[in-house]
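Worksheet: one structure, shown below.
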Amino acid sequence: MTTTHPGNAGGDQPVDLDDPDLSRFDIVRAGAREDDIEIVHYEPQVVPGSKAERRLSRTVASFFLLTGASATAFLAIYIWWPWEYELGHGGDKWYTPLLGVTLGISLLGIGFGVLTWGKKLLPKEVSVQDRHEGVVNERDRTITGQTMLYMADELGVKRRPLLGVSLLAGLAPVGAVAAAPLVGGLISQPHKNNQMFTTGFAPMEGGQKVRLVREDGRPIRPADISAGGQITVFPGIDHGVSNKYADSPALLIHLRDADALEAREANVRIGHDDFMWGNFAAYSKICTHAGCPASLYEQQTNRLLCPCHQSQFLITDNAKPIFGPASRRLPQLPIFVDDEGYFVATSDYTETVGPDFWERP
Amino acid sequence: MTSDNDRRRGLLARLRGRPASRSRGRRRLGAAVRLLAALMLAGGAYTAFAPSVQAQDTPMSSAATDGKALFNESCVSCHGRNAQGVEGRGPSLVGVGSASVEFQVGSGRMPMVRQEAQAPRKPPVFNDDEIRQLGQYIQELGGGPEVPAGEDLHKDGNLAAGGELFRINCSQCHAFGGGGGALSSGKYAPTLKPATDRQIYAAMLSGPQNMPVFGDNQITPEQKADIIAYIQETLNHNQDPGGFNLGRYGPSTEGLAIFLVGIVALVFTTLWIAGKS
Amino acid sequence: MKRRKFEMAAVPGNAARGVDDRFQVATPLRRLLNKVFPDHWSFLLGEIALFSFIVLLLTGVFLTFFFEPAMTEVIYNGSYAPLRGTPMSAAYASSLDITFDVRGGLIMRQMHHWAALLFMAAIVVHMLRVFFTGAFRKPREANWIIGSLLFWVGFLAGFTGYSLPDDGLSGTGLRIASGIMLSIPVIGSWLTSSIFDGEFPGTIIISRFYIAHVLLIPGLLLALIGAHLGLVFKQKHTQWPGPGRTNDNVVGERMFPRYALKQGGFFMVVFGVIALMAGLFQINPIWLFGPYEAWVVSAASQPDWYVMFLDGSTRLMPAWEIYIPIGDGYVIPPLFWPTVVLPGVLVGMSVLYPFIEARRLKDFRSHNLLQRPRDVPARSGLGAMAVTFYLVLALSGANDVIADKFNISLNAMTWGGRIGLLLLPPLAYFVTYRICLGLQQHDREVLAHGVETGIIRRLPDGRFVEVHQPLHREDGELEYVGWVVPKKMNRLGALGPAIRGFFYPIEKPAEAPVSPAPPVDSDTERSEISSGERR
């Protein structure tokens, strides 16, 4: 069957399927017509048995064979390649790339094999199908509409208003029942134990002040930090160095003399007179913008940069935000050195730590 | 005292590389003469600064003397006579220690080519001996931190401990993969890839540019070895197990790759599939 | 007993008969097999998303066998030496085990992640195609809305998945997400504390995200994708205008066998590209980020690309805090606007756009024919404006990486982004509008005067003119119908056929060249097309 341009003649009558002269394609076309599809152009791309067909078949076959070879390689690599991870350079580092490449090639092999098969070996066709959606069946619309109205009539909600009202009154709580366990189970009071306004640095019960400790729990002496240095400090309490006290960590900074002078003056301006100890100042490490650890301390410019949204805080001016989206100073932790020579927090942060929220002030 | 012209020529020559014609002996001689002149001229100034320069009490070692000559040739224009610093050009180097010299000069950051937000890394101008001499000079001038001897400073480092210290102290600026990152207003934390053990050690000790100081009082030499071990063995000399690492820039290059490789490849495929054959 | 001869050849026929006896599938199956699909490369973009979703399901199921969604603290003792002995959550430890101790686990993880990025990228590219060609118009508004929702549900799927490994990067992302939730006025603290069960990070968020990521969100995605495809099936695909194509028909190929074969092949290609990328490019090296600790962060902490525009908007937002002096005082933090309001506005705008456009053009008819972007300059301009807006935000989301690698000041990048966000979108609108008009004008010119032949003729009076080959007969006139106008002589068959072949030319001359003939039977169509904007 070459190009066919059938007219409409005979298109509407069903064909006689028992007609011995009918080819299989004729049946296909007749079937398509029953779905309002007209095959207007149907043209083999290759002559059966031709050189072109053999060539294309070979191409498709070689794609499939490539897949076989590559998939076999995948299996062999998966089983025999040394894959146990060891630090450094070595064969195990090639395990994943080799698996990916062999798997990829085998899948691409099937893909392009099938695509070539479909694209080059199957007949080209152009079919036209009617959409029918422009034709609105007014009759059906009327029937369906009337059926629905009839149902409403039979239910008689209009005639029996009590039923409707009571049904709604009954269903509304049922809906609430579905929501209640979910909401009730999930909801959690945010201000339990005043948790949003306190951190691990709050003095312990009995008024004992909390020490500043390193990540390994050791307390810190002033001599531990060189001028121009900084250290991340945690509350020296149980689990103080853990995500349980995610809001507590602070950056303890040893300022140079001139910078410390400036910082102290700034402190006095906002009433933080004795928050610093010597040239040391401690600021919350949790950004007041979105809560990332703002910890990129530039020791010459005394800026503290947050790597998430680039808010910049000026340490010598009470960690005032000077650039970026943060709108609030980093809370300062008041510190002093106890009798044993270790840093302690005089009190908790005097401002709320972490990202801003509605009822924060 | 050398003339301004002389100094510049000396610096430029060093930046370009060593002129072959100038023999070591002659250079020494020239340096000695200049040193003598500098000493004589500087003598007056010392009376004013004497209290802060203790090094004058004891005579300098020969390495320091050589270092001073080098200093007067290449560094004095910014850091001033006897490394006292020049307002607006270069800071005082009294008390920064040989660690600072080793880092700044050893990584080629000093001498600077021009004044900018931050001195970039470049091939070093001085050789190891000269850096040692310069370091010795600065060390004897005002003391300060020193890098311990040896090339391999992370022999017994503990990777896991180093990793933890790296993440808490270093990764915020140098990034998780040690590739460096941006700081405010054009400054940046450099990549750790080309850094040697000694340079990393020196940087921690001296806090170059805007890097905070991590003295031995804060991070012990053993912990420094751990950190260096983590940087060298986990970040720098460890092949990535998942293929090409896309520069370890995080999700930004991954997003670029999905469009430039994935989407482009597949759009080409759709063009081929739907193309007229 | 005589054994009946078993006829192999009759088996399929009998089986089919048996099936149809019971289920009566012959008629619907014929309809399905015969369904006609139009063929154009741009109609295959949505499939990329569909196929990556299938890859996501396959690889995701694999990962669930090994992932432990718990935040209980364990001491890592796996193959990756630099983390051995480190306390971490069970979720992170099991992610590391998938990477280093499950054979082939890393390739699965990387395929899953790359497929996720591809899923979102394909959704966006597909959405752009639908937008710029006007395929969202009546009767397909519902499908456009479902498609927009698919983007946002996919966004949630991606974000929850990004958070699961509980490494340093994903924890930082989670921290920012908690900050975003906190910033919502009035209910912020209640919402955050309810989701995290107390203060950030709590001990339950990974399990909650896990069930959302492996059950709720994929279920929702499946339902939406099902509805999306069902509507495409029911409403039939749109098609480009062209010869024989009208608003009331579909011209293309029947689903079987060729179209289905191509789809199947394309699925394998998408799958293969994902596998290749997973093998060649390392994605999200969680072992380098370490366990999440609230005080640890890395430079260049970014979300995956489809969230990056929100990160960018957050970075560009000036520090404008609204203080409400009632009682103790209340605040609306600056974080609220770029991360809650902006996405809300974007969802609203994308969902409402089909209705807004129909109202503005007073066009309430059904459209099954696509429009070329040049034919609707205002819409194309708006689209370009949106793309520019998005690009500025996405680039700003990576502005620290760009600043660092291209030696630009970080602060300058932020300011550049702020200014660019205001200036570039209107500029893009204007430029696109003019380009559309220019292209349209050129098409009309060719229709009126013909194709440039490249032949220069000297007139008797000494002037030079270029000879044009008219596309119509002496007396005829061609109307502009919004489809490709031939602009080269070889497209007319006058200079020999165009060279065939995709990557390299096939020397064999092609048969009949594409005819520039106007559409047959397109009276209805002409009015249809010219209803678009024209200036």
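The values are calculated or read from the model by the stated rules, or taken from the named source; none is laboratory data. Given the structure is predicted, the values throughout are model-derived calculations rather than measurements. Because the Cβ atoms are built from the backbone with ideal geometry, glycine has one as well, and the counts that use them run over all protein chains shown. The accessibility values were calculated without ligands, DNA or RNA, using every heavy atom of the protein model including side chains. Shrake-Rupley method; radii C 1.70, N 1.55, O 1.52, S 1.80 Å.
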Original post:
Roughly what would the spin-label model give for residue B:114 and residue C:352, points 7 Å off Cα along C-beta, in nm?
Top reply: 5.2
Original post:
So what does residue C:259 come to for accessible area, using a 1.4 Å probe and Å² rounded to 10?
Top reply: 30
Original post:
What percentages, rounded to whole numbers, describe P(r) for the range C:38-292 computed over all alpha carbon pairs with 10 Å bin width beginning at zero?
Top reply: 7, 26, 29, 21, 12, 5, 1, 0
Subject >> Range of Cα positions in the range A:207-264 per principal axis (Å), largest first >> reply: 37, 23, 19
Original post:
What 222 nm value per residue comes from the helices of the protein assembly as shown, counting each DSSP H run with n ≥ 4 as -39,500 (n - 2.57) and dividing by all residues, nearest 500 deg cm²/dmol?
Top reply: -15000 deg cm²/dmol
**OP:** Calculate, for residue C:461 and residue C:360, the FRET efficiency according to 1/(1 + (r/R0)^6) with r their C-beta to C-beta distance and R0 45 Å; round to the nearest 0.05.
**Re:** 0.30
Subject >> Average beta-carbon neighbours from other chains, 10 Å sphere, peptide C:119-129 >> reply: 2
**OP:** Would you mind getting me the FRET efficiency between residue C:65 and residue A:191? Use the beta-carbon distance for r and R0 = 35 Å, nearest 0.05.
**Re:** 0.30
Original post:
Label residue A:169 and residue B:268 with points 7 Å out from Cα along Cα→Cβ: what is the distance between them in nm?
Top reply: 7.2
Original post:
Can you list, largest first and rounded to whole Å, the semi-axes you get for the range A:210-345 by taking the square root of 5 times each eigenvalue of its Cα gyration tensor?
Top reply: 21, 19, 13
Subject >> A:205, B:102, C:479, ranked by accessible area, largest first (probe 1.4 Å) >> reply: A:205, C:479, B:102
Subject >> Translational diffusion coefficient (Stokes-Einstein; Kirkwood radius from C-alpha pairs) of the range B:186-242 at 4 °C, 1.567 mPa s, in µm²/s >> reply: 106
Subject >> Listed residues C:84, C:473, C:17 arranged by accessible area, highest first, probe 1.4 Å >> reply: C:473, C:17, C:84
**OP:** Kindly report, to the nearest 10 Å², the accessible surface of residue A:143 as traced by a 1.4 Å probe over protein heavy atoms only.
**Re:** 90
Original post:
How long are the semi-axes of the ellipsoid equivalent to chain A, from square roots of 5 times the Cα gyration tensor eigenvalues, in whole Å, largest first?
Top reply: 74, 41, 20
Subject >> Volume per residue of the C-alpha convex hull in the range B:80-120, rounded to whole Å³ >> reply: 75
Original post:
Can you give the percent of C-alpha pairs in chain C whose distance is more than 30 Å?
Top reply: 63
**OP:** Evaluate the relative contact order of chain A (contact order divided by residue number), counting alpha-carbon pairs under 8 angstrom at least 6 apart; express in whole percent.
**Re:** 12
**OP:** Enumerate the lysines that residue C:234 could reach by cross-link, defined here as Cα to Cα under 24 Å, with residues fewer than 8 away along the same chain left out.
**Re:** C:35, C:138, C:262
Subject >> Cleavage-rule hits (GluC sites (Glu not before Pro)) in the range C:1-77: DSSP loop, at most 15 neighbouring Cβ within 10 angstrom >> reply: C:7
**OP:** Give the whole-number value, in cubic angstrom per residue, of the convex hull volume spanned by the C-alpha atoms of the range B:151-225.
**Re:** 88
Subject >> Gain in span if fully extended, residue A:351 to residue A:158, counting 0.36 nm per residue against the direct Cα distance >> reply: 63.3 nm
**OP:** Can you check what the Kirkwood hydrodynamic radius comes to for the range C:156-305, Cα pairs only, in Å to one decimal?
**Re:** 19.6
Subject >> Cα→Cβ-extended label distance, 7 Å offset, between residue A:223 and residue A:84, nm >> reply: 4.8
Original post:
To the nearest 10 square angstrom, what accessible area does residue C:119 show with a 1.4 Å probe?
Top reply: 10
**OP:** Give the calculated FRET efficiency between residue A:182 and residue A:270 to the nearest 0.05, with a Förster radius of 35 Å applied to their Cβ-Cβ distance.
**Re:** 0.20
**OP:** Starting from the Cα of residue B:155, draw a straight line to each of the aspartates and glutamates and keep only those under 13 Å, dropping any in the same chain fewer than 8 residues away.
**Re:** B:197, B:222, B:226, B:233
Original post:
Okay, which of the range C:370-387 sit inside 20 Å, backbone N to the point 7 Å along the Cα-Cβ direction of residue C:472?
Top reply: C:375
**OP:** Please list the non-local residues whose amide H lies under 5 Å from the amide H of residue A:292, H modeled 1.01 Å from N, same-chain partners needing a gap of 5 or more.
**Re:** A:287
**OP:** Note down, for the protein assembly as shown, the three equivalent ellipsoid semi-axes (square root of 5 times each alpha carbon gyration tensor eigenvalue), biggest first, whole angstrom.
**Re:** 66, 39, 31
Original post:
How crowded by other chains is C:46-54, given as the mean number of beta carbons from other chains within 10 Å of each beta carbon?
Top reply: 1
**OP:** With only alpha-carbon atoms counted, please give the Rg and Dmax of the range B:106-165, in Å.
**Re:** 15.4, 40
Original post:
Hey, what's the Cα Rg ratio for the range C:369-460 versus the globular rule of thumb, 2.2 N^0.38 Å?
Top reply: 1.66
**OP:** May I ask you to order C:129-140, A:284-295 by the average number of other C-beta atoms within 10 Å around their residues, highest value first?
**Re:** A:284-295, C:129-140
Original post:
When only the heavy atoms of the protein chains count and the probe is 1.4 Å, how do C:369, C:280 rank by accessible area, highest first?
Top reply: C:280, C:369
